[in-house]
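The structure appears below as C-alpha cells.
The values are calculated or read from the model by the stated rules, or taken from the named source; none is laboratory data. What you see is a predicted model; the values in this text were computed from it and never measured. Note that each Cβ is placed from the backbone with ideal geometry, even for glycine, and that neighbours are counted across all protein chains shown. To get the accessible areas, we keep the full protein, side chains included, count just its heavy atoms, and leave off ligands, DNA and RNA. Shrake-Rupley method; radii C 1.70, N 1.55, O 1.52, S 1.80 Å.
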Amino acid sequence: MITKKLIKSLGIFLILFPFLFLLGLSFSTNWRFPSILPLEITPDNWLGLFSFSGNLFESFILSIVISVSVGLLSTFTGFLAGKYISETIIREKIIFLSYLPYTLSPVLYAASIYYYFVYFNLTGNIIGVIVGQILITFPFSINLFTGYWNSSIKNLENLVLTLGGTKLQSYLKVLIPISKRMLLIVFFQTFIISWFEYGLTTIIGVGKIQTLTIRVYQFINEANYYYAALSSCLLIIPPAFLLWFNKKYVFRKII
C-alpha cells in the first residue's frame, strides 16, 4: 500500500514538476546554478505584465482572438463541408488530399504559399495569419467531421425535411443541437493547433504579429528566461481551461 502511494505521489510530482518549475521561474529574478531554489522571489514580473515593453498582455489577447477565430471558422466550415464530402463518391480521395498540408512542416508550407499571401496583401496582418492557420486547421476539421456524418444523423435531417421543415431549420433545430459535443471537441482541437502554432505565423506575420507563442521563443533567444517562463504560464492557461471544460462537460457525458 505504501509503495503504491509512493509511486502515485512520484508520478503526480513528475507530471506537475515542469509546470511548478515554470511558475517558480516566473516569480524569480535571480535563480542561478547551483541554487536549488530561487535566490529571490518577487511578483514584479507578473505585476509588470501590463506595462512590459511590447505589452505581453496584448500578445495574450491577440493569441486568444486569433485562436478563437480560427477554431470557430474551422469548426463550422468543417462541419458543413464534412457533411457534403461524406456524401460524395470521391470521399476517400478528398480525405487523402486533406492530409497533404501535414506532410510538410508549417515553415515549408508557409514558404510555399507565401507568394499568394503577398499578392493578396495578407502578410503582416491578423487576417492573413488567421487565413494561413485555417489552411492547416480546416483539413483537420474535415477529417474529424467526415466520419461523424453517419446514416442516423442524415436520417434525422431527412425527417425534418419530410415533416415540412426547411434546410436552415434542420441545422438550427436538430443537427447543431445534437452535434454540440462533437462541435466542442473539434473546436478544442483546432484552437490548440492555432494556439501553439509558430512556424506559419512567423512567415505570414513577418514579425509584425506577435502572438504569445512567438514571444516565448523571442524571450528564450534573448536568454530572458524569467519572462519566457511568465509567457509560458500564460500559454498554458487557455488549453488548461479547455481541458477542464471538456473533461467536466463533454467527455464526462461520453463516458
ask   = So what are the ³J(HN,Hα) numbers for region 203-212, from phi and the Karplus equation (6.51, -1.76, 1.60; θ = phi - 60°), rounded to whole Hz, Gly and Pro as x?
value = 6, 5, x, 6, x, 8, 9, 8, 6, 5
task = Of the options T162, S231, F117, report the single residue whose Cα projects farthest towards the positive end of the charge dipole of the chain (beta-carbon charges: Lys, Arg +1; Asp, Glu -1).
result = T162
task = Collect residues whose amide H, placed 1.01 Å from N in the peptide plane, falls under 5 Å from the amide H of V206; neighbours closer than 5 in sequence don't count.
result = G124
task = Determine the distance separating the Cα centre of region 88-148 from the Cα centre of region 202-233; give it in Å without decimals.
result = 24 Å
remark   = Links exceeding 29 Å between C-alpha atoms in this model, out of K5/K247; K83/K208; K173/K248; K93/K248; K93/K173; K208/K247, come to K83/K208; K93/K248; K93/K173; K208/K247
message = I need the calculated FRET efficiency for the pair T162 and F96, taking r as the beta carbon distance and R₀ as 41 Å, to the nearest 0.05.
response = 0.75
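Taking 41 Å as R0, compute the FRET efficiency from the Cβ-Cβ separation of L172 and L14 and round it to 0.05. Don't skip to the end; give the middle numbers.
On the way: r = 47 Å, r/R0 = 1.15.
With R0 = 41 Å, the Cβ-Cβ based efficiency is 0.30.
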Relative packing of peptides 183-192, 155-164 - highest average C-beta neighbours within 10 Å first = 183-192, 155-164
ask   = Contour minus end-to-end for I89 and L6, with contour as 0.36 nm per residue of separation and end-to-end as the Cα-Cα distance?
value = 24.3 nm
ask   = Which parts of region 207-251 would a label at A111 reach, counting a residue when its backbone N lies under 18 Å from a point 7 Å out along Cα-to-Cβ?
value = 207
inquiry  = Restricting to DSSP H runs of at least four residues, report the calculated mean residue ellipticity at 222 nm for the chain, -39500 (n - 2.57) per run over all residues, nearest 500 deg cm²/dmol.
reply    = -23000 deg cm²/dmol
key: Ordering of 16-22, 200-206 by burial proxy (mean other Cβ atoms within 10 Å per residue, highest first)   = 200-206, 16-22
query = W244 accessible area, nearest 10 Å², 1.4 Å probe?
reply = 120 Å²
